[in-house]
Ligand code: GLU
């Protein structure tokens, strides 16, 4: 069995915990560490790998200056601290990435952004556009607006949702531990390191234990939840030690870690969901040329569409039919029915003039399309 390697990934999401980003003694960003990290990111980008960072640290960066140093903060105190600290956090990332001529782009997401289909598609389009433009998205939870019930609360799960959203090949959780152990190695001397988890089982879940004390909210438990989300979406995940100067370089050179292998069904499961369980909200009829392009695995462009029926929103499922009425495919629409009717039959370059804003080139992107 061959383990995943960073060198072969197209798109990587790296999650970085507060303890790595923030120096507790100074309550400031650990700039030397961040500089090493930026160098690793630049090396990946130079090879053509898209890198998306999920960085914690906003709350930890502001606690001291706001005199919120008690162990447990109320939700509104955390939100206030995040509002202050996020500016510092983004500034630190922007500075270290700029040293490598990379542009940092800040995205603050809530649970709803990753669960509501329309918002999910929106966030995904923004992220893929940013990586396409060569930027490094730096994501955190939008702590200041998320209420208790709709909060991730930890960036492990958020990072896994992001990896799922952008169809990353690999999610790397940089942590204060070099992977999963059969028990808590701090308390149990017989605890063994597990280098690879082929599939998520309840036995693996039970190794999660309780969250640690202190500023971080994650712990092993949320990392295993993240592993379920990521591997279930066909993305490999690693838990690796972050407290080294070049964590990604070290990982690539064989530093110990735990790899969670992707579920081979992961990608097909999403396609199955698109193909099967969604009730189509509209019907799209395409011309012969577009029908041929679809069978060759291409996206559906507005130019090849002859009619759009039904009332649908962006993100809704559509049925795609050929000129003779045969059902060819199902997919998620990138436009609402009102917009679709205006752009069908037109070149994608005309979309901006037709709608007044520049949307996606495809009416249904091939990642969101399943042939039937
Ligand atoms: N979003 C929080 C912050 O930036 C951290 C959440 C976590 O610890 O994972 O401070």
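For this structure, a couple of remarks:
- Matching residues, the stretch 45-57, being on the phi < 0 side of the Ramachandran plot and within 16 Å of the ligand (Cβ to nearest atom): 52, 53, 54, 55, 56
- Of the residues making up the stretch 24-35, those that are modelled with pLDDT of 95 or more, under 17 Å from residue 59 (Cβ atoms) and surrounded by fewer than 18 Cβ atoms within 10 Å (Cβ to Cβ) number 1.
To keep it simple, each residue is scored yes or no on (1) over 11 Å from residue 92 (Cβ atoms); (2) within 16 Å of the ligand (Cβ to nearest atom); (3) not in a helix (DSSP H, G or I).
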{"position": "2", "(1), (2), (3)": "yes, no, yes"}
{"position": "7", "(1), (2), (3)": "yes, no, no"}
{"position": "12", "(1), (2), (3)": "yes, no, yes"}
{"position": "19", "(1), (2), (3)": "yes, yes, no"}
{"position": "26", "(1), (2), (3)": "yes, no, yes"}
{"position": "32", "(1), (2), (3)": "yes, no, no"}
{"position": "35", "(1), (2), (3)": "no, no, no"}
{"position": "40", "(1), (2), (3)": "yes, no, no"}
{"position": "43", "(1), (2), (3)": "yes, no, no"}
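- When 60, 90 are screened for being out of contact with any helix residue (DSSP H, G or I) (no Cβ under 7 Å at 6 or more places or on another chain), modelled with pLDDT of 90 or more and within 14 Å of the ligand (Cβ to nearest atom), only 90 passes.
- Residue that is nearest to the ligand (Cβ to nearest atom) [pool: residues in the stretch 93-102 that are assigned to a helix (DSSP H, G or I) and touching a strand residue (DSSP E or B) at 6+ places or on another chain (Cβ under 7 Å)]: 93
- Only listed residue being away from the ligand (no atom under 16 Å from the Cβ), buried (at least 20 other Cβ atoms within 10 Å of the Cβ) and either without any contact (Cβ under 8 Å) to a residue 24 or more places away in the chain or assigned to a loop (DSSP other than H, G, I, E, B) (or both), chosen from 191, 146, 105, 168: 168
- Residue that is nearest to residue 238 (Cα to Cα), among those in the stretch 194-207 that are in a loop (DSSP other than H, G, I, E, B) and out of contact with any helix residue (DSSP H, G or I) (no Cβ under 8 Å at 6 or more places or on another chain): 195
- Candidate set: the stretch 125-143, residues that are within 16 Å of the ligand (Cβ to nearest atom) and without any contact (Cβ under 8 Å) to a residue 60 or more places away in the chain; chosen: the one surrounded by the most Cβ atoms within 10 Å (Cβ to Cβ): 141
- Of all residues in the stretch 317-364, those satisfying the criterion of being assigned to a loop (DSSP other than H, G, I, E, B) and crowded, with 20+ Cβ neighbours inside 10 Å are 333, 334, 335, 344, 362, 363.
- Enumeration of residues in the stretch 65-80 that are within 11 Å of the ligand (Cβ to nearest atom) and without any contact (Cβ under 8 Å) to a residue 60 or more places away in the chain: 73
- Filter pass, residue 125 being assigned to a helix (DSSP H, G or I) and within 20 Å of residue 148 (Cα to Cα): no
- Qualifying residue in the stretch 36-56 (condition: more than 24 Å from residue 178 (Cβ to Cβ), crowded, with 21+ Cβ neighbours inside 10 Å and modelled with pLDDT of 90 or more): yes
The values are calculated or read from the model by the stated rules, or taken from the named source; none is laboratory data. These numbers come from a predicted model, not from an experiment. Here Cβ is always computed from backbone atoms with ideal geometry, including for glycine, and neighbour counts include all displayed protein chains.
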